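Please treat every number below as a calculation from the coordinates, not as lab data. Fair warning: this is a prediction, and the values are worked out from it, not measured in the lab. For neighbour counting, all protein chains shown are included, and Cβ atoms are generated from backbone atoms with ideal geometry for every residue, glycine included.
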Amino acid sequence: LKTKTRCVSDDYLERGLSRFRGELRSNDLRLSQARDALVRCVLQQPGTFCIKDLVLDLTRAGVQGTHFATVYRAMPLLIDAGLIRTLHIAGADAQLYEVAFERDPLPHLLCSSCGRSIEFRSKALELLRSEIAQRFGYELSADPIRLRGRCELCH
Ligand SMILES: [Zn+2]
């Protein structure tokens with residue numbers, strides 16, 4: 001079902017890896033080949049993802065020694081390094097994450113059944129947002145606009 005990856009620059013991946021290396025150092029861990037591959041895989045996720053998605057992508061990419069448990073154990077490190085954040089979605093069958101590293105949060109549609117999200121850009125929505133902020137004298141935070149509902153597959 002999930003085939004897309006986000007197209008990111010090598011620079012971006014290197015910055016992410018170097019951030020992660022710093023986090024590993026402070027935990028007395030090293031950047032193994034498997035962790036290197038995991039970080040690259042994570043930073044290329046196009047929307048929300050769960051651990052199973054990562055395991056699947058890594059297995060497809062032929063990365064050796066990819067197990068649910070190893071990826072699971074790396075998640076807190078990725079969060080502490082500021083590369084990803086958790087999403088809290090009632091009813092989702094697995095813990096979901098999204099990339100947080102150097103990412104302006106984009107508006108997205110969020111399925112309240114399966115937890116998948118679709119990011120989009122909308123000039124009209126941006127204009128509306130600033131128009132409303134101005135009207136009520138608000139300085140808005142960078143939180144993304146989230147439209148909840150049920151996705152094509154779930155409804
Ligand atoms: Zn859905």
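Dipole magnitude for segment 8-60: about 140 debye, using +1 per Lys or Arg Cβ and -1 per Asp or Glu Cβ, origin at the Cα centre.
Segment 32-65 and segment 107-155 have Cα centres separated by 27 Å. With respect to the chain, whose longest principal axis is taken over its alpha-carbon atoms, helix 10-25 is tilted by about 60°. Against the longest principal axis of the chain, how steep is helix 68-80, in degrees 0 to 90 to the nearest 10, with axes from Cα atoms? Helix 68-80 and the main axis of the chain meet at about 60 degrees. Helical content of the chain, expressed as a calculated mean residue ellipticity at 222 nm, amounts to -13000 deg cm²/dmol (DSSP H runs of 4 or more residues, -39,500 (n - 2.57) each, divided by residue number, nearest 500). Evaluated with a Cβ-only charge set (Lys, Arg +1; Asp, Glu -1), the chain carries a dipole of roughly 280 debye about its Cα centre, given to the nearest 20.
The angle between the Cα long axis of helix 33-43 and the main principal axis of the chain comes to about 10°, on a 0 to 90 degree scale. Residue-normalised convex hull volume from the C-alpha trace of segment 105-155: 85 Å³ per residue.
Over all projection directions, the Cα-based convex hull of segment 25-155 averages an area of 10.1 nm². When both bridge partners sit in segment 19-149, DSSP labels roughly 65% of those beta bridges antiparallel. The GluC sites (Glu not before Pro) of segment 95-155 that DSSP puts in a loop, and whose beta carbon has at most 11 other beta carbons within 10 Å, are E139, E152.
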